[in-house]
Each structure stands twice: as structure tokens, then as C-alpha cells.
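Engineer: Take a look at this one; I'll ask things after.
The values are calculated or read from the model by the stated rules, or taken from the named source; none is laboratory data. Every value quoted in this text rests on a predicted model; they were computed, and no experiment measured them. As a convention, Cβ positions derive from the backbone with ideal geometry for all residues, glycine included, and neighbour counts pool all protein chains shown. When the accessible area is computed, the model is the full protein with side chains, heavy atoms only, and any ligands, DNA or RNA have been set aside. Shrake-Rupley method; radii C 1.70, N 1.55, O 1.52, S 1.80 Å.
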Amino acid sequence: NFRARSHQINQVFADTRTLTASTNEDLDLAGGLTNGIGATVTFTSIKAIAIIADSGNGDNIEVGGAATNAFATPFGAATDVVNVPADGKLLLVAPGAGYAVTASTADLLRISNADGVASASYTIILLGVE
């Protein structure tokens, strides 16, 4: 007999992305992403975040630090960032309720390319609850 559990992962977002030199992107975790079957993803919590920086990157991929509406739950403060070097991996896991996502006020995950000269690529995997 299957019984649904609260806070069970029910949504996945995964993508490989490229940022031009010195640019960033704010990933909207509550309605701004599309999953592998084309459905809009609206996370209410994130259970795991994996960032894998490409081995050919010339500098760090920076995770966190969105200027407004920052998804800062795993970082301590909205301006905090984690540097992921070339060929580096970042894995954050939050059992139980996960990292809270609040639509319109705390839902933007910033990813930045610290390289001022060349593009940088990374893979992102988000496991969460809608």
C-alpha cells in the first residue's frame, strides 16, 4: 500500500547551460523553469542542488547572491555565494522540509560566470517539491 509522504520529491529540473564572460542569470525556482517534459516547475522547497562546473572553464561559477528576491535559504544571506571551480562540484542536500522557496520574494537562484574573458558552462540539477 503506497502512502504519500509529506515533503517527498515530486519535481526535477536539470540542464546544462552556458554563460558568456562576466554574466549571470537568475533562475526563477517558482515558475520560471521548464522540466524535461515541457511543464513549468514551481518549487516550494528544494531538497537537493547539484552544480557541476565544466572542466574547460577559465574561472569559477558563482552560486547565490541574487540582487533581489534571492533564494538565500542555503547560503545564510542574500549576498553570499559559493565558488565552484572548473571541474568542481557543489552538492547541497536538505532532508525533511528542504530549503524553502517563496514565490516572488525568495525564489531567484543566481548563477554567475566569474571569468571576464571567456564563456563558462555548468550543469544544474534541482530536486524538490512543488
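Engineer: Please specify each residue of region 9-62 satisfying the condition of being of a type in the set (Ser, Thr, Tyr) and without any contact (Cβ under 8 Å) to a residue 60 or more places away in the chain.
Structural biologist: Keep residues of region 9-62 that are of a type in the set (Ser, Thr, Tyr), which gives 16, 18, 20, 22-23, 34, 40, 42, 44-45, 55.
The answer is THR34, THR40, SER55.
Engineer: Which condition does GLY56 not pass, out of (1) under 12 Å from the mean Cα position of the chain (by Cα); (2) at pLDDT 95 or above; (3) over 17 Å from VAL129 (Cα atoms), if it passes all the others?
Structural biologist: It is condition (1) that GLY56 fails.
Engineer: Whether any residue in region 100-110 is touching a Gly at 6+ places or on another chain (Cβ under 6 Å) and either part of a strand (DSSP E or B) or crowded, with 19+ Cβ neighbours inside 10 Å (or both) is what I want to check.
Structural biologist: For region 100-110, residues touching a Gly at 6+ places or on another chain (Cβ under 6 Å) and either part of a strand (DSSP E or B) or crowded, with 19+ Cβ neighbours inside 10 Å (or both): present.
Engineer: Any residue at all in region 14-22 that is in a loop (DSSP other than H, G, I, E, B) and of a type outside the set (A, V, I, L, M)?
Structural biologist: Within region 14-22, one or more residues are in a loop (DSSP other than H, G, I, E, B) and of a type outside the set (A, V, I, L, M).
Engineer: Please determine, by comparing only the residues of region 90-112 that are in contact (Cβ under 8 Å) with a residue 60 or more places away in the chain and over 18 Å from ALA50 (Cβ atoms), which one is farthest from the chain's Cα centre (by Cα).
Structural biologist: Among those residues, the one meeting the criterion is GLY96.
Engineer: Still on this structure, please answer the following. I'm checking my understanding of the structure. Among residues of region 43-66 that are of a type in the set (Asp, Glu) and part of a loop (DSSP other than H, G, I, E, B), which one is surrounded by the fewest Cβ atoms within 10 Å (Cβ to Cβ)? Give the steps one after another, and end with the answer.
Structural biologist: So in region 43-66, the residues of a type in the set (Asp, Glu) come out as 54, 59, 62.
Retained after the next criterion (residues that are part of a loop (DSSP other than H, G, I, E, B)): 54, 59.
Values: ASP54: 16, ASP59: 19.
Among residues in region 43-66 that are of a type in the set (Asp, Glu) and part of a loop (DSSP other than H, G, I, E, B), the one surrounded by the fewest Cβ atoms within 10 Å (Cβ to Cβ) is ASP54.
Engineer: What number of residues within region 83-99 satisfy the criterion of being under 12 Å from ASN113 (Cα atoms), open to solvent by 20 Å² or more (accessible area, probe 1.4 Å) and not in a loop (DSSP other than H, G, I, E, B)?
Structural biologist: Summing the residues that are under 12 Å from ASN113 (Cα atoms), open to solvent by 20 Å² or more (accessible area, probe 1.4 Å) and not in a loop (DSSP other than H, G, I, E, B) in region 83-99 gives 1.
Engineer: Taking region 13-51, which residues are of a type in the set (D, E, K, R) and under 21 Å from GLY98 (Cβ atoms)?
Structural biologist: ASP15, ASP26, ASP28, LYS47, listed by residue number.
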